[in-house]
Amino acid sequence: FLGIKSDIHVLEKVFYAFGIFSRMVTDEEKDEKIFELLIKYLGLMDTLASGGKNMKMDIVTAGFLIKLLDEMGYGIEVDKCVKCRGKLKPHGNFFSPEQGGILCENCGKSLLRKIKIGHNSIKIIRLFLANKIDNFSKIEAEEKTIRNLKSVISEEINWITA
């Protein structure tokens, strides 16, 4: 992965992902799917290196982490409210790591530990879960959506590893 080694911005994102990976996966663990996912992520980041595509690298890294969480049994429910099982509306939704997914506005009001999640973030998480990592570099997102995705991932990881 010479491209990763030669681009400090890519290296920074890969080290971030590796930090989370090492918190989630123990040394003795043997899971070919997880390590195949890691290799595909590194290959895609290597391809994006030296292209100045920071937002694409952020999207690919977020997608890798969502896929990793899903593969390890910590998938995020994004199809309906995790509490009432009702359909999610385009606005007013929350993410709760303790609940394992998205809450509608009504169910989210009563929870203390939650963060707002935008509709575009929910759509992108759905894309991550439904597609192979090879396709993540085709996904477009605004910076605001990427920041929201990073917050969701950070909350989920902190809750799991606390």
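The values are calculated or read from the model by the stated rules, or taken from the named source; none is laboratory data. Computed from a prediction, not measured in an experiment: that's the story for all the values here. Every residue, glycine among them, receives a Cβ derived from its backbone with ideal geometry; neighbour counts consider all protein chains shown. Areas reflect the complete protein model, heavy atoms only, side chains present, ligands, DNA and RNA absent. Shrake-Rupley method; radii C 1.70, N 1.55, O 1.52, S 1.80 Å.
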Item to check | Spacing of the two label points (7 Å from each Cα toward its C-beta) at Glu71 and His91, in nm | outcome: 3.8 nm
Checklist outcome for this item: Computed for the chain: size of charge dipole around the Cα centre, +1 on C-beta of each Lys and Arg, -1 on C-beta of each Asp and Glu, debye to nearest 20, value 820 debye
Checklist entry - In whole angstrom, and with the biggest value first, how far do the Cα coordinates of region 60-119 range along each principal axis? => result 30, 20, 19
Checklist entry - Quick one: what do you get for the chain if you divide its Cα Rg by 2.2 N^0.38 Å? => result 1.04
Next on the checklist: Heavy atoms only, 1.4 Å probe, whole protein assembly: order Tyr41, Tyr74 by accessible area, highest first.
Outcome noted: Tyr74, Tyr41
Checklist entry - What do you get when you divide the Cα radius of gyration of region 40-84 by 2.2 N^0.38 Å, with N the number of residues? => result 1.48
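Measure off, as a whole percent, the carbon and sulfur share of the 1.4 Å-probe accessible area of region 1-67, all protein chains present.
C and S fraction of accessible area: 58 percent.
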Checklist entry - How much accessible area per residue does region 35-131 have, in Å², with a 1.4 Å probe? => result 48 Å²
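Cα-Cα over 30 Å: which of Lys30/Lys116; Lys5/Lys116; Lys80/Lys150?
Too far apart for the 30 Å limit: Lys30/Lys116; Lys5/Lys116.
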Checklist entry - So what is the relative contact order of region 1-49, in percent, for Cα pairs below 8 Å that sit 6 or more residues apart? => result 72 percent
Checklist entry - Counting other Cβ atoms within 10 Å of each Cβ, which trypsin sites (Lys or Arg not before Pro) in region 1-89 have at most 15 and sit in a DSSP loop? => result Lys30, Lys80, Arg85, Lys87
